[in-house]
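Trainee: First the structure, then my questions, so here it is.
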Amino acid sequence: MPTVTYAGTAVIVNDEGFFTDPAQWREEMAPLIARQEGLTELSERHWQVIKFMRHEYEAKGTGPTVRVLGKTSGVSVKELYQLFPHGPAKEAAKIAGIPKPRGCV
Amino acid sequence: MAERVVILGGGTGGTLIANRLRRVLRSSAEIVVIDPDDEHIYQPGLLFVPFGRAEPGSLTRRRHRQFRPGVTFRQDAVDRVDLDKNEVLLAGGASVAYDVLVIATGARLVPEETDGLTGPGWMEKVFTFYTLDGAAALRQALARFDGGRLAVAVMDMPIKCPVAPLEFCFLADSYFRGRGIRDEVRLTYVTPLDGAFTKPVCDRELSGLLTDKDIDLVTEFNTGEVDGAGGRLVSFDGREVPFDLAVVVPLHGGQAYVERSPGLGDELGFVPTDQRTLQSKAHSNVFVIGDAADIPTSKAGSVAHFEGEVVARNIARYLAGEPLDAAFDGHTNCFIESGAGKALLIDFNYGTEPLTGHFPGRIGLPLLRQSRLNHLGKLAFGWLYWHVLLPGREIPAVHSRMPEDGKRFSAAAPR
């Protein structure tokens, strides 16, 4: 698995860039990951979603889907796409340092 | 005192678990099934209705007729469950106490949650075959359709029978060929997933079939709006798929009473459930079978059948004060109609994706390969459903645990 250095710490990510160990994540890494995704600035609304993703992952062991985010994060699905244009669930999960949300079968 | 098991929902899971429990529990135990209506629909048959290959009237039977003697059926709507008092509150104001509760109320279609879906054009040029009325209306619309763009779109996961919209595409291809107008029809499959199917080996096979049949594939499309009047699907990220006729699989959620019952369901109304014991995470005397659970399996009748054995055993153990058996492996088994009288079969569980080989052993139905035999298997399944699955019997040679013999595990290696 590839290793990437964020804020002076080497972290292990999978082939798609998702953290394999969410415990390695620190808040100051988020803007750096975001920049790689093409987001130059993280607003308060971005942070609201990122913190919510972390919280959900810690409570349930998997990140929420877009639909669940829209129902529970306090940010509508439309706004989620404005904040994270490449797909909110995946992009916010990557920036929040949690694994890619488990798809449904 | 005699125990009372209350089962909410008289569909596939509720019926088969009631009948299994009647055999497993002592005769003094009371088994009560509650459902707001008395019409049991054979849901796998809905796929064939739009193409005139199943009659709507042939797919339904009375719910209460499917139970063994000694099972009580109550036709009542549920308002909510009080988990602390071990009581089900009915819409009419009465309550039913339980020692064990089984949630078997499946998934509910919530088309109104997608902007525009039930607005102009709904049931005129935008249809779903996931209801009996929708499937019957779509048959008329297909018969009138002489050419143009037909989009088949999944709004978002989870959905019941995730292969059904793909089967619809394959059958539509055959149907238009049969009418001699396939060249006039542009078929597009639109999915929120990043491929035709979630699991790699199966995805390769099904994507290949889409290509062979000249069906366009649009992936990672999260539909934000269905514009029936304008004839377009619009994704949240601003992409568009135009259509003259759209066949959609609406969003799914749990039943409304789950949402009204504090502590029972998750954000979407599904019930958090231990994926091995099938006991709810909310309360030790609540078990879950079928589509109502939040576990990572397909929402499919075969899953409810394979869960039945484990749920029945664990309810008996719970009542006897014994530890539960963490035996459910996520076993799922689906026939996939591929058109022209052929079908594929897939068989998988939590740990093993659908692979090639044969089922249920080295000699048997071919897995993940089109064959006439699998199509006949799918047709025969209608009889098995009413006469073996619902009565809670075992299918000969087919077990709750997924068979490994006959599967080519080397196929899972990435190509």
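No lab work stands behind these numbers, since they all come straight from the coordinates. Source: prediction; values computed, not measured. Positions of Cβ are backbone-derived with ideal geometry, glycine not excepted, and every protein chain shown enters the neighbour counts.
Trainee: What FRET efficiency comes out for A:K60 versus A:R26 if R0 is 30 angstrom and r is the Cβ-Cβ distance? Round to the nearest 0.05.
Mentor: Details: r = 22 Å, r/R0 = 0.72.
The pair A:K60/A:R26 has a calculated efficiency of 0.90.
Trainee: Also: Out of residues 5 or more away from B:S338 or on other chains, whose amide H comes under 5 Å of its own, with H placed 1.01 Å from N in the peptide plane?
Mentor: Here the answer is B:A343, B:L344, since their amide H atoms fall under 5 Å of that of B:S338.
Trainee: May I ask you to evaluate 6.51 cos²θ - 1.76 cosθ + 1.60, the Karplus curve with θ = phi - 60°, for each residue of region B:89-106 and list the ³J(HN,Hα) values in order in whole Hz, giving x for glycine and proline?
Mentor: With coefficients 6.51, -1.76 and 1.60, one gets 9, 8, 4, x, x, 6, 10, 10, 7, 9, 8, 10, 10, 10, 8, 9, 9, x Hz.
Trainee: How high is the relative contact order of region B:111-251, in percent, with contacts defined as C-alpha pairs under 8 Å that are six or more residues apart?
Mentor: On the way: 248 pairs, mean separation 52.2, N = 141.
Normalised by residue count, the contact order of region B:111-251 is 37 percent.
Trainee: Calculate the dipole size of region B:111-251 relative to its Cα centre from +1 charges on Lys and Arg beta carbons and -1 charges on Asp and Glu beta carbons; express the result in debye to the nearest 20. Don't skip to the answer; put the middle values down first.
Mentor: Numbers: 14 positive and 23 negative charges, 103 e Å.
Dipole of region B:111-251, to the nearest 20 debye: 500 debye.
Trainee: Given an 8 Å cut-off on Cα distances and at least 6 residues of separation, report the relative contact order of region B:302-345 as a percent.
Mentor: Reported as a whole number, the value is 36 percent.
Trainee: Can you give the helix-only mean residue ellipticity at 222 nm for the protein assembly as shown, where every DSSP H stretch with n ≥ 4 adds -39500 (n - 2.57) and the sum goes over all residues, rounded to the nearest 500 deg cm²/dmol?
Mentor: Helices in the protein assembly as shown give a 222 nm mean residue ellipticity of -8000 deg cm²/dmol.
Trainee: In nm, to one decimal, how far is the B:E39 label point from the B:V218 one, both placed 7 Å along Cα→Cβ?
Mentor: Once both label points are built, they end up 3.3 nm from each other.
Trainee: Which percent, to the nearest 5, of DSSP beta bridges fully inside the protein assembly as shown are antiparallel? All intermediate terms of the calculation are to be shown ahead of the outcome.
Mentor: Details: 38 of 75 bridges.
So the antiparallel bridges in the protein assembly as shown amount to around 50 percent.
Trainee: Got a sec to turn the phi values of region A:12-17 into Karplus ³J(HN,Hα) couplings, 6.51 cos²θ - 1.76 cosθ + 1.60 with θ = phi - 60°, whole Hz, x for Gly and Pro?
Mentor: Working through the residues one at a time gives 8, 10, 8, 4, 8, x Hz.
Trainee: Provide B:L47, B:L324, B:L376 in ascending order of the number of other Cβ atoms located within 10 Å of each residue's Cβ, fewest first.
Mentor: B:L376, B:L324, B:L47
Trainee: Name the residue farthest towards the positive end of the dipole of region A:3-95 from the options A:Q36, A:H46, A:T20, assuming +1 on Cβ of Lys and Arg, -1 on Cβ of Asp and Glu, about the Cα centre.
Mentor: In region A:3-95, that residue is A:H46.
Trainee: Provide a whole-number value for the mean count of partner chain Cβ atoms within 10 Å of the Cβ atoms in peptide A:63-74.
Mentor: For this peptide, the per-residue mean of nearby foreign Cβ atoms is 3.
Trainee: Near the amide H of B:L217, under 5 Å away, which other amide H atoms are found, from residues 5 or more places off or on another chain, if H is placed in the peptide plane?
Mentor: Distant-sequence amide H within range of B:L217: B:Y189.
Trainee: Output ³J(HN,Hα) for region A:89-95: one whole-Hz value per residue in order, computed from phi by the Karplus curve 6.51 cos²θ - 1.76 cosθ + 1.60 with θ = phi - 60°, and x for Gly and Pro.
Mentor: 4, 6, 5, 5, 5, 5, 5
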